[in-house]
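Structure, as structure tokens:
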Amino acid sequence: MISLTSSVPRFYDYIIVGAGSAGCVLARRLIDTQQVSVCLIEAGAADSNPLIHIPFGVALLSRMTSINWNYNTAPQTHLDNRSLYWPRGKVMGGSSSVNAMCYIRGQYSDYDEWDRSGAIGWNAEQVLPLFTLSEDNTRGASHFHGVGGPLGVSDLRYHDPLSLAFIAAGQDVQLPHIHDFNTQERVGLGLYQVTHVNGQRCSTAKGYIAPIKDDPKLTILSNTLVNRVLIDVQEQGQKQVATGVECSIDGSRTQLFAHKEVLLCGGAINSPQILLLSGIGDKQHLAKYHIECVADIPAVGQNLQDHLDVIVQVKCKRASGYALMPRLVPKYIHHAAKYAIQRNGLLASNVAEAGGFAYSQFGSVDKPDLQFHFIPGIIVDHGRGIEFDYGYGVHVCHLYPKSTGYICLNSNDPLDHPYIQPNYLAHSDDILALVDGVKLAMKLLASSSFAAYSPTPWQPKLAADSMTDEQIVQFIKSQAQTVYHPVGTCRMGQVDDPNTVVDPECKVKHIRGLRVVDASVMPSIISGNTNAPTIMIAEKIAQDIIGA
């Protein structure tokens, strides 16, 4: 990786901003298929932290501030005025290097809705081959899965017995055992497949970039912050043209130029921020920060959607799970040795081993609107806190929120974090759906499948049959957090739609040579974890670019 200003070439065919879930995919596909030069720019460092690659390290990654953007939201009116912590990966691989590695695509009908909303060409039939193209699934090739792709997808090499108890508990609430959540049938509970290869995390940096990192056509700039896109203002009546980027390398502002295209892959927070800093966005908002408007697109930063999540947790008397307790130290030592030799055992777990999908009162026949992630341990403050006790819990996530928010600037300084307003629970249906989810989670944890662990309620402290809906609402408002799935802030759709930022080829309206390719282009949030869909988006746009 290049870090010295004097050694950085200034001209490339393509400049990719953000080496995360999408940027790494684009770089790999362009290098593999075309005789072009590519500059891949990442604001963070190399993915050298061993906790990134050891799956169980996810339990500690939230404390690693050096590989995290460490965002916080505006105070949330409907969440007791709390400001919520939003961790995002600031490292090679982006959030694919720090997430829980669950491989979930969402409901296939979600993509049909994208197509109907104006993202023509993104229906379920068209995107399924892109998912399989990216995969190297240890289960083998099938209608729903592929082999030979850069992204390792596998079954867990280790799971805790508590995760199996959770799956068994589904029988008490009519949730069957599901073996593959990425087919058409996914209402039920089961073990998640994960983005692993040989017992290690397979981020997009590892799967897509590591094999080509020494290719002379690829320049990787780490620890490099992009300040803005350079826009060449053409004659009146002509589209402006993106010609490159201004970035900070070793403390010096440097301009890099793209002969063909600039591809923004910064994610749902950074991509709209860069557009705004470049003069692309709402004219009045830009004027507030003395930024010249080159394209008046008020939708930039709007349509922010995220999955709100609340954890129902119990404590137990039995020495079990992944607790931080002296009695379990020999167990951890044994498994550390096992992992070092065989890439197996407890350290091969992604912690969020089991989960599934269910309905609230707002779910429809083909739209389960609740997702669970079961944790065989106690989670405090995204893993930043510690509770010295045995226990386990269920993340309850509402998949189709009706509340939307926005992202805008706090200043014209690229180093300043943007203003993040997710506007959680602004729509009353969202809290009602979560109430249904919490009730269901409490029933699961009270199942006879867990009787051997002698659980007692901890968060909330009352049993399900002892709580009113009003008490559950207050529990949600005091405890709910993000489950790390922000999307939608550079919405994709038809050019004449005032609510869109990019067209179905992810080209920014009114600007030539500029695309946004990441989770920010999703017209609506996917019903599940967003990493796999983001990789799919990049695969599709790579094909568009290559075939142009």
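Structure notes:
- Some residue of segment 232-251 being among the β-branched types (Val, Ile, Thr), under 18 Å from Gly18 (Cβ atoms), in the same structural domain as Val516 (by TED's automatic domain parsing) and part of a loop (DSSP other than H, G, I, E, B): no
- Gln184 surrounded by fewer than 19 Cβ atoms within 10 Å (Cβ to Cβ), polar (S, T, N, Q) and outside any loop (DSSP other than H, G, I, E, B): no
- Figure legend. Inter-residue proximity from segment 509-538: first residues within 24 Å of Ala295 (Cβ to Cβ) and among the charged types (D, E, K, R), second residues in a loop (DSSP other than H, G, I, E, B) and modelled with pLDDT under 95, beta-carbon distance below 6 Å, spacing 6+ or different chains. Indicated pairs: Arg512/Lys239.
- Filtering Val36, Val58 for residues that are in a loop (DSSP other than H, G, I, E, B) and surrounded by fewer than 24 Cβ atoms within 10 Å (Cβ to Cβ) leaves a single hit, Val36.
- Test: residue in segment 482-504 that is without any contact (Cβ under 8 Å) to a residue 24 or more places away in the chain, outside the structural domain of Ala19 (by TED's automatic domain parsing) and acidic (Asp, Glu): no
- Residue under evaluation Gly437, criteria (1) in contact with a helix residue (DSSP H, G or I) (Cβ under 6 Å, 6 or more places away or on another chain); (2) assigned to a helix (DSSP H, G or I), criterion not met: (1)
- Residue match in segment 78-98 (condition: of a type in the set (Gly, Ala, Ser) and either farther than 28 Å from Phe131 by Cα or surrounded by fewer than 19 Cβ atoms within 10 Å (Cβ to Cβ) (or both)): yes
- Residue, surrounded by the most Cβ atoms within 10 Å (Cβ to Cβ), within segment 446-474, restricted to residues that are in a helix (DSSP H, G or I) and at pLDDT below 95: Ala464
- Matching residues, segment 98-138, being in a loop (DSSP other than H, G, I, E, B), touching a residue at least 24 places away in the same chain (Cβ under 8 Å) and under 30 Å from Ile54 (Cα atoms): Val98, Asn99, Ala100, Met101, Tyr103, Ile104, Arg105, Gly106, Gln107
- Hey, Ser478 of a type in the set (Ser, Thr, Tyr), at pLDDT 95 or above, over 16 Å from the mean Cα position of the chain (by Cα) and in a helix (DSSP H, G or I) or not: yes
The values are calculated or read from the model by the stated rules, or taken from the named source; none is laboratory data. Model, not experiment: these values are computed from the prediction. Glycine also receives a Cβ, built like all others from the backbone with ideal geometry; neighbour counts cover every protein chain displayed.
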